[in-house]
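Working notes for the structure below.
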Amino acid sequence: MIIRRFTLNNIKIPTFGGIEQRKSPLKIADNRSFDASNVVLNNPYGALNNLVGMTKWSTAGVGKPILALWQMRDRSICFQVGSYLNSSLGKWYNGKWIFNQDLDTFNSISAGVRAWNWICSTPTNDLYACVYNGLIYKLTNSTGSWVAQTSTSAKYQSICSTPSGDIYVAINGGSILKQTGGTGAFVAQSVSGSYFWQVYSTQSGDVYYGTESGDIYKQTGGIGAFVAQSAVSKWWYRFTSISNGDVYAAVYGGDIYKQTGGIGAFVALGVGNKNWRFLYSTPSDDVYAAVYGGDIYKQTGGTGAFVAQGTGSKNWMSISSLSNGDVYSCVVNGDIYKQTGGIGAFVAQLASSLTWWIMTTNSADELYLCCFNENIYKATIAE
């Protein structure tokens, strides 16, 4: 199927209300079998830019039936004349055409090719990223150059920021480091256990980490000792929390557990034993849980059951969201998917197949993704 695009050649176009198109292309003709050389279309969206508007079709379309016509957001027209869609305009995906103008794009911000293992944002819009068998880097105010914050290579596993701007990083092998207020040296904390996978800060500033085949530990308010929470000995892999203080912990190969109000026991929710790869909570307290080699599940508003979102079985790695409610998830060596408004299907954005790893949203509502043994990428959101 081929989609062609042409410009206006002084053709008088009737208008219908002058409405601007903001989202998906409007399909203004379908299964119309007529000669491309003799077609002039009406414009439903008002006056056209002479450089990007509609026209009679050029000789390229002569003698070929037009199967469908689309009005694009830039007021140009695309028309389908065969059995192939020009990949520069979109692709056929899951039984429908996806147009590039409706897809978000993801571009490298030139952080360098490294084993980027985690990325996080701070309340002051800084970005931190850590490299496995490498260093910790900072991008001040999400602009400029990445600056190394450490000089000694380590197996940095994850990194997070507290609401006050303290930075914590977990080292796989048995260390938690802290940079107070986002400045100065990273200082080792007194911790127990080994093989830490995620260090996590709640909205109130409590800091949690879990161990492999061990307990969960909590530092209240980011001050003092990390105290064992008397959780059962499991592979505590991922954490998230919601505004009422509830803390969720996922076991890789096990269940999801909840500590109500951040106090007391972690209680199994009976979601099922799965390879829970990531937990994420939106500002509206929807809790998402992604399965490596499975589906994405959602608990609406932090209550009730976790409901499968029907994504199909994929190697989901991470989840984040924007202030408009859009939720994103990425697949390692696959695509990036978007659930518009946190409702309905996760739609592929037709991104390059990279080792998409961890994503974060900064305080300026910009989405970033790090790739393992690749670069760091920033999303440009389609209007």
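The values are calculated or read from the model by the stated rules, or taken from the named source; none is laboratory data. Just so we're clear, the structure is a prediction, and the values are computed from it rather than from any experiment. Quick reminder, even Gly has a Cβ in these numbers, built from the backbone with ideal geometry, and neighbours come from all protein chains shown.
Odds and ends about this structure:
- Criterion: touching a helix residue (DSSP H, G or I) at 6+ places or on another chain (Cβ under 6 Å) and either outside the structural domain of Leu367 (by TED's automatic domain parsing) or in a loop (DSSP other than H, G, I, E, B) (or both) - qualifying residue of Gly325, Gly312: Gly325
- Residue within region 266-282 that is part of a strand (DSSP E or B), free of Cβ contacts under 8 Å to residues at least 60 places away in the same chain, within 24 Å of the chain's Cα centre (by Cα) and at positive phi present: no
- Residue count, region 327-375 (criterion: of a type outside the set (A, V, I, L, M, F, W, C) and in contact (Cβ under 8 Å) with a residue 24 or more places away in the chain): 18
- Per the conditions (1) over 12 Å from the mean Cα position of the chain (by Cα); (2) under 30 Å from Ser145 (Cβ atoms); (3) surrounded by 15 or more Cβ atoms within 10 Å (Cβ to Cβ), the sole criterion not satisfied by Ser323 is (3).
- Only one of Tyr209, Tyr248, Tyr200, Tyr217 that is hydroxyl-bearing (Ser, Thr, Tyr), touching a Phe, Trp or Tyr at 6+ places or on another chain (Cβ under 6 Å), assigned by TED's automatic domain parsing to the domain that holds Tyr288 and under 21 Å from Tyr297 (Cα atoms): Tyr200
- Qualifying positions in region 283-297 - assigned to a strand (DSSP E or B) and either without any contact (Cβ under 8 Å) to a residue 24 or more places away in the chain or out of contact with any strand residue (DSSP E or B) (no Cβ under 6 Å at 6 or more places or on another chain) (or both): Gly293, Gly294
- Flag for Gly254 being at pLDDT below 95, closer than 28 Å to Ser175 by Cβ and surrounded by 15 or more Cβ atoms within 10 Å (Cβ to Cβ): no
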